[in-house]
Every structure is written in C-alpha cells, then in structure tokens.
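Read the structure below first, then the notes.
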Amino acid sequence: MKIRAIKFCLAAAAVSVGLGMTPALAEKLKFEFWYGLSGDLGERVQDACKKFNDSQADYEIACTSQNGYPETVQNAIAAYRAKKHPAVVQVFDGGTLDLMLSGAFVPAKKLMEDNGYKIDWTNYFGGIANYYATSKGELYSFPFNSSTAMFYYNVDAFTKAGIEAAPQTWEDVEAAARKLKAAGYSCPLGFSFDTWATVEQFSAIHNQPIATKNNGYDGLDTELVINKTKLVDHLTFFKKMTDEGLFVVKTKQLGMDVVPAFTSETCQMIQSSVADHGTIGKTIKPGTKWDVTMLPIWKGTERQNSLVGGASLWVLNNRPEAEYKGAAAFLNFIAQPDMVEWWSTVTGYIPVTKSGFDAMKANGFYDKPAYKGRDKAIESLTFTPTSANTRGIRLGGFPQIRKEISDAMEGIFFGKLTVQAGLDQAVERGNAILRRFEKTYAGRALN
Amino acid sequence: MSGPSYFLVYDRNAGPVDLMNKRAVFKSWWLPMAFALPQLLLIFFFFYWPATSVLTWAFSLEPAFGGVGERLFVGWDNFRDVFADTEYWRSVSLSLFFAFSATALSMFIAFVLAICVDRQLKGSGLFRFFYIWPYAIAAPAVGLAFRFIFAPESGLIAVVNTWSPDLWNPAKFGSHAMILVIVCFAWKWIGYNFIFMTAGLQSIPRSLIEASAMDGSGPVRRAFDLQIPLLAPTLFFLLVLNLTESFVGPDTYGIVDLTTEGGPNKSTDVMVYRIVSEAFRGLNYSGAAAQSLVLIALIMLFTFIQFRYVERRVHYK
C-alpha cells in the first residue's frame, strides 16, 4: 500500500514537472506581483493580470493576493530578506516611507527609462503623484488604486427630513443631523476611529499640518502637531455631536462598520473612500436614492485639495534583469488610458492620469447614474494645487501612528479622556515612534 | 525514586507504576542521538536559529528590509526604551491578569465538567465527546465567532443592551473587552483541560471513591479530599501549560487580534499581541525583539516559581 502511494506521488511529480516544461509555457517569462486587495477588489486585480497576460506573448504575470495591505508589506519584507520576493508589490499609502528608505526598490522613473518606455510623468494628477514622489518630485512608485475620502448621504432620508441640499459645511452637517434626528433617524451620521477621513483628510482640506517639517517631507526629525491644530476643535465638535446622539460611533467591534451602516440605512451620512462607491451601489437596497459629495469644510475656511489614499505599485530590486522588462511592460500596460478607464469603472478607484480622466469624462462615464458623483473625487483631489499641508504625509511607522491616534479616539469617545488629553497622548506616543524611526534610519537621506 | 517523575502512570489493577524504574539503557551513543535528531533539528531550525536573530535585533536597530548599510549597535537602548514605556508595564500587568484569570476559569470549569462526566451522570458519554471539540477549533476562528456572538449592537448578546443600555459593550469598556478575551480563551482551553482531567479521574481507583461515599462524604467533599490531591500531578501540569499558553501562546494572539485588536484604547493590549503588532504592523523589529527577550525571561521566571514553590505541594506517589 505504502509503496503504491509513493509510486503515485512520484508519478504525479513527474507529470507536473513534465507539464512545467511544455513549450508553450516555457517561452513566457514569468514574474510575480503581490497585492493586498481581497474580495471583490482582489478579483478585479486578477482580471487586470489576465488582461495583461492575454495581451502579449512574452511575459506572464502571476498575481497573488496577500489578503490585506499590512500583510502584503510584511510578507514582501520576509520574502525580500529570504531573497524570494516578487518583482512588483502593492504598498498602501501608510507604508510609503518604509519603502522609500528601504533601498530595496527600483525607482519608477529609472525602471521605465531603462526599459525604453516613455512615460509622461506630468500626466499623473499632482495630488496623487506627490504622495509617492520624493520632495523633489521624482516618482518612486506607480500610482495604481487611488482614492480619496468622500461624504456619502442618503437622499431619501434627507428628503423625508426636509433637507434639500447636500451639506457643504460642517454647520450644514449639524443642521442636517438635527433634522434627521427629529425625523426619527437614530443614527444621522456614523463614524469610526479610522483616522484617514476624520484626521488626515480633514487636516489637508483645512490646510492644517499633521506634523512639522512639511508633514515629514523635509526630514525625519518631524514631530506630530495634531494636538495644536483645528483638529482639536473638530474632534470636540464630534464629541459634542456624539453626546447628543447626532453622530454615532460605528466600528467592527461594535458589530457594524460605517459602510455597512450606510448600506443597511442604519446611518444616513458617512465619510468613506470613493473606492466604496461601487460596493455601496451594489449592496444598498435597490431603488434607494443616495449621493456622494466632497468632504464638508468648516464655514469660513478655504478648501484645499484632499489627500490621495489607496496604494501604489513598487518594483523591488535584486530580481533577474529579464523580470524588469516584464514588470515595465505590465506597469506600462495598466497605465494605458483604456486600462485606466476599465479599472476605474469596475472598482470605483479614481483614474490616476489626466488623460484617463479626460477619456472617461469625454465618453460620458460620469453621467451614467451608477457612476454619478465619482468625478467629485477628482474635483476634491485637484481642488487646489498641492501645498505643504496637502502634498501627503511622510511619516515613518505611519501605520502604528494611525493606530495610536485611533486608540486615542477610543479613549476620547468611549473612555474618560478629554479631546485635548487624548490628542496629547497620541502625539506623545506617535513622536516616540517617529524618534525610533529616525534613529533606525539615521544617516539615510530623505530625498 | 525521590524527586518528581513524569513517567508515572496509573494502572487500575496495579496502582501507580513508575516507568522510570524500568529503564532501558542504550549501549551505543549514536542510536539515541539518531532517535533524537529529528526533534533536535526542529528545535534548532525553528527555535535556536530564529532566536539568534532576535538577539542581534534586540541590541541593534534593524530596518524593515534589512541592513542596507552596517547594522547599528545600540547596546541596551532598546531595553531601556521598553522599560521606560508606561504602556509596556500596563501591558505586562494586563497579560498577568489575563493569564491567571483565563487559566483559573478554564481549569475550574473543565474540572467541574470532568467530575460530572466521571460520576457517569446521565448523558456523560455524549458530553465527554462534545466537550473536547472546542480545542480542535483554531483560535482565530474562535475569535471571529465570539466577535459576532458578542458584538454589542448586532450580536446574539445585543438583546441584553435592550434591557439596559451598555450592559455589555466590549467595544466601549476595557473591562468588558477583557472579559470577552478571557471567556474566549477559557472556552477553547476547557476542552483540552477536560481531556486530561477526565483521564486523570478515571485512573483514580474506583474503590477509593466508593469507600469514601460509604463513609458518607458527598461529591464536593470527595473532590477536595480525594480527587484533587490524587489528581495533583495532572493539575500541576495543566496549570503550567495553561499559564504559559495564555501568557505567550499563539491562541492569545489570535483571539485578541480577531475580537478586540488590543482595544479599546489598549485595554486588552497583552504582551504577545503588542509584540506581534509592533514587529509586523509597526515594523519595529528591534523593539519587538527586545520585548520578546523580556517575555522569554519572564516565562522562565514564571516556570521556575511554579516548579520551585507550587510543585513542592504536588505528590507524585
């Protein structure tokens, strides 16, 4: 019995080796791409890979989901240390600086030049490119799935409560929340402790810094300043609204995150990524009227451009030279206007290039009811040219800093911390992370 | 034979038998080595070897993607940073609280269940079968299930919040969150403890129980005077195992990660969760390495205390 089993295994192994050598597959040069998206969005990445593989005969990209952004970075690091890393890896916004200082990548511009592709780098929206570029403006990675935070609201509920216009200011939001409450809605606005919309995007569009040294772009000796900006007043407002039952905390731990809270019509207003536009359209009860608008600002402030979120594609170094040809071909492929349009259509992510956006606008994409409002994300991202506070956030250990801020928000909204004390706590712990990062990368220049 | 022996088995007919006294001696040195080799290799590759890199990281500042330049030696700096952090000490006390509570809860319930099954109460055969199941479920799966069941707004338990708002809210109150992870861990480990305790109870000669029952002692009395003392070696073994597992085990990490993520505001930020999230989410390899070494030292101290002071009260014969 045992011998037979072994024989079977050997035979199976021989067959699989034989298959691997069939000429049709051997001709194509294989390289790997690891990404963090999962579920519906992850399958769309697979579609993109398939489109690339079908489009040409020279290269074959093998795409593997690592089920989550932080996991992708962790696994890529482990693989890099073991010298078994993929050629291309998707890294989320928060991991950008870790990659930049790693010395483990081939800069986007160099890769494309070396492989003979002419890329018009000015074609990328400034707000997107600057997040992934050096402070001198050289792009290190390829913007891929880009998004920004938006304000979603339930039009049916608004009508019932007698609210006519989309809220443009936080004063409008408060008024709307009061009317919704009066009309019997128990959760006028749902929010979570995710820092991206409430802290990062808020600060950008109100021209408030997150950290000194131009949000970290000008040096690793940066310090958080969120306990001294308009954010303090903003969170104080949130706290007051929460105490009055007008704003309601919705987290995974409580049982429902903000997006399901909106699609189940539990909450009538939320802040979330434009990337959720597709999901919301698919999951909210058919026939429900809802819309999306730019994040509100406080009256009397001048709106600035919002920050890009999502992830970019990095090409790691120390791979066989031939793989870079494939990687460059893939990156060139997904930057073509028709691919940009396809990707944006099926996901909700925004087109990252001006030509892609123009093409979509020209063929009436944004006039279709299902995609209505998605262009507001571009409007938000390009509202003003990027400035020191709106270029991006360049902080070491940023995922951990985000966690410290959301921990502090838990303390503020659930515990006994005052807003000021909570933000002071986040700043103190966040600065400790920044100092350690600075020491670890001492002497490494931030370009 | 004096001193503890782990080769003690009970025989229903012959009573305790010490296998240590029936030792067989290998004549050559290579044969036993060959037998031990697979295990030694495993330990070498999966413990000692990784441990050396933890050692180098703990005394240097390790960049995430590895040293591009020379590695920076910083002496005891990482440890100083760890010890100076008040959050770290909070995490230590949370871990201790978690370990003792989870161990006490799971061992107590497992013991009660084992006693009931041992008394051959109605349906005990069936229950013996079911009680073992939870241990076979992976901790993250347990965590996920508990998160859904105990979600304060949409879980099965949400009904208690309609009686009185915030009666149960682990997302909001640190104490509730701690209860949630303790219950979750205990639930999983009851099955494991139950197997050992049932086996131990079954090896206690039935005649002893019957004799004391005839002398008029009830089930509780018998448990305290007969079963617990006779079960002491098993209980001690389970105590060490449960404390160590709950203090540093992967189950603790999996459960915390899927239920509370260390929150709210770090109220369930136990040491093992803190280490993993600092190392892999925060990419602070050096700080996490220093914390792991401290944790290893603590575990050694922990186990030493148990063997030195608790085991004295355990009689193997």
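Check A:TYR80, A:TYR153, A:TYR117, A:TYR131 and return the single one that is part of a strand (DSSP E or B) and either buried (at least 23 other Cβ atoms within 10 Å of the Cβ) or touching a residue at least 40 places away in the same chain (Cβ under 8 Å) (or both). Even if it seems obvious, please write down each step before you answer.
Working: A:TYR80 fails: part of a strand (DSSP E or B); A:TYR117 fails: part of a strand (DSSP E or B); A:TYR131 fails: part of a strand (DSSP E or B).
Testing whether each residue is part of a strand (DSSP E or B) and either buried (at least 23 other Cβ atoms within 10 Å of the Cβ) or touching a residue at least 40 places away in the same chain (Cβ under 8 Å) (or both) leaves just A:TYR153.
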Of those in segment B:280-305 that are part of a helix (DSSP H, G or I) and polar (S, T, N, Q), the residue farthest from the chain's Cα centre (by Cα) is B:SER286
**Prompt:** Just a yes or no: is a residue in segment B:247-262 more than 14 Å from every other protein chain (Cβ to nearest Cβ) and out of contact with any helix residue (DSSP H, G or I) (no Cβ under 7 Å at 6 or more places or on another chain)?
**Reply:** yes
When restricted to A:GLY287, A:GLY356, A:GLY300, A:GLY364, the only residue touching a residue at least 12 places away in the same chain (Cβ under 8 Å) and of a type in the set (Gly, Ala, Ser) is A:GLY356
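Provide a single number: the residues in segment A:147-161 that are over 30 Å from A:ASP93 (Cα atoms) and among the small types (Gly, Ala, Ser).
Here is the first cut: in segment A:147-161, the ones over 30 Å from A:ASP93 (Cα atoms) are A:155-161.
Narrowing the set further to residues that are among the small types (Gly, Ala, Ser) leaves A:157, A:161.
Qualifying residue count, segment A:147-161: 2.
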Consider B:LEU258 carefully, then state whether it is of a type outside the set (Gly, Ala, Ser) and out of contact with any Pro (no Cβ under 7 Å at 6 or more places or on another chain).
no
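Looking at B:THR252, B:THR268, can you tell me which residue is assigned to a loop (DSSP other than H, G, I, E, B), of a type outside the set (Gly, Ala, Ser), under 27 Å from A:GLY430 (Cβ atoms) and touching a residue at least 40 places away in the same chain (Cβ under 8 Å)? Spell out the reasoning first.
Numbers: B:THR252 fails: assigned to a loop (DSSP other than H, G, I, E, B).
Just one listed residue meets the conditions, B:THR268.
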### Query
Can you find even one residue in segment B:104-126 that is in a loop (DSSP other than H, G, I, E, B), out of contact with any Cys (no Cβ under 9 Å at 6 or more places or on another chain) and among the small types (Gly, Ala, Ser)?
yes
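Among the residues of segment A:373-400, which ones are of a type in the set (A, V, I, L, M, F, W, C) and under 23 Å from A:SER344 (Cβ atoms)? Steps first, answer last, please.
Here is the first cut: in segment A:373-400, the ones of a type in the set (A, V, I, L, M, F, W, C) are A:377-378, A:381, A:383, A:388, A:393, A:395, A:398.
Once the filter is applied, which keeps residues that are of a type in the set (A, V, I, L, M, F, W, C) and under 23 Å from A:SER344 (Cβ atoms), segment A:373-400 yields A:ALA377, A:ILE378, A:LEU381, A:PHE383.
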Filter segment A:79-129 for residues that are among the β-branched types (Val, Ile, Thr) and touching a strand residue (DSSP E or B) at 6+ places or on another chain (Cβ under 6 Å); the one that is modelled with the lowest pLDDT is A:ILE128
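For the subset of segment A:200-258 comprising residues that are of a type in the set (Ser, Thr, Tyr) and crowded, with 23+ Cβ neighbours inside 10 Å, which member is farthest from the other protein chains (Cβ to nearest Cβ)?
A:SER203
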Conditions (1) more than 14 Å from chain A (Cβ to nearest Cβ); (2) at pLDDT 90 or above -> B:ALA288 fails only (1)
Checked A:GLY95, A:GLY103 against criteria (in a loop (DSSP other than H, G, I, E, B) and either exposed (fewer than 14 other Cβ atoms within 10 Å of the Cβ) or within 12 Å of another protein chain (Cβ to nearest Cβ) (or both)); the one match is A:GLY103
Within segment A:262-280, residues being surrounded by fewer than 19 Cβ atoms within 10 Å (Cβ to Cβ) and either touching a Leu at 6+ places or on another chain (Cβ under 9 Å) or not polar (S, T, N, Q) (or both) number 1
Exactly one of A:PHE383, A:PHE437, A:PHE414 is in contact (Cβ under 8 Å) with a residue 60 or more places away in the chain, among the aromatic types (Phe, Trp, Tyr) and more than 9 Å from every other protein chain (Cβ to nearest Cβ), and that residue is A:PHE383
(1) in the same structural domain as A:LEU101 (by TED's automatic domain parsing); (2) of a type in the set (Lys, Arg); (3) outside any loop (DSSP other than H, G, I, E, B) all hold for A:ARG319 apart from (3)
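May I ask you to verify whether A:ALA335 is over 17 Å from A:GLN201 (Cβ atoms), more than 17 Å from the chain's Cα centre (by Cα) and at pLDDT 85 or above? First the steps, then the outcome.
Numbers: over 17 Å from A:GLN201 (Cβ atoms): yes; more than 17 Å from the chain's Cα centre (by Cα): yes; at pLDDT 85 or above: yes.
It is true that A:ALA335 is over 17 Å from A:GLN201 (Cβ atoms), more than 17 Å from the chain's Cα centre (by Cα) and at pLDDT 85 or above.
So that you can scan it fast, the table gives a plain yes or no per residue for (1) within 27 Å of A:ASP98 (Cβ to Cβ); (2) without any contact (Cβ under 8 Å) to a residue 40 or more places away in the chain; (3) buried (at least 17 other Cβ atoms within 10 Å of the Cβ); (4) within 25 Å of the chain's Cα centre (by Cα):
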{"residue": "B:SER60", "(1), (2), (3), (4)": "yes, no, yes, no"}
{"residue": "B:PHE65", "(1), (2), (3), (4)": "yes, yes, yes, no"}
{"residue": "B:PHE79", "(1), (2), (3), (4)": "yes, no, yes, no"}
{"residue": "B:VAL82", "(1), (2), (3), (4)": "yes, no, yes, yes"}
{"residue": "B:TRP89", "(1), (2), (3), (4)": "no, yes, no, yes"}
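Could you tell me which residue of segment A:156-194 is nearest to A:GLY373 (Cα to Cα), considering only residues that are assigned to a loop (DSSP other than H, G, I, E, B) and charged (D, E, K, R)?
So in segment A:156-194, the residues assigned to a loop (DSSP other than H, G, I, E, B) come out as A:161-168, A:183-186, A:192-194.
Going one step further and asking which of them are charged (D, E, K, R), we end up with A:164, A:194.
Details: A:GLU164: 17, A:ASP194: 23 Å.
Taking the candidates together, the pick is A:GLU164.
The values are calculated or read from the model by the stated rules, or taken from the named source; none is laboratory data. Quantities reported herein were computed from a predicted structural model and do not represent experimental measurements. Positions of Cβ are generated from backbone atoms using ideal geometry, with glycine treated the same way; all protein chains shown enter the neighbour counts.
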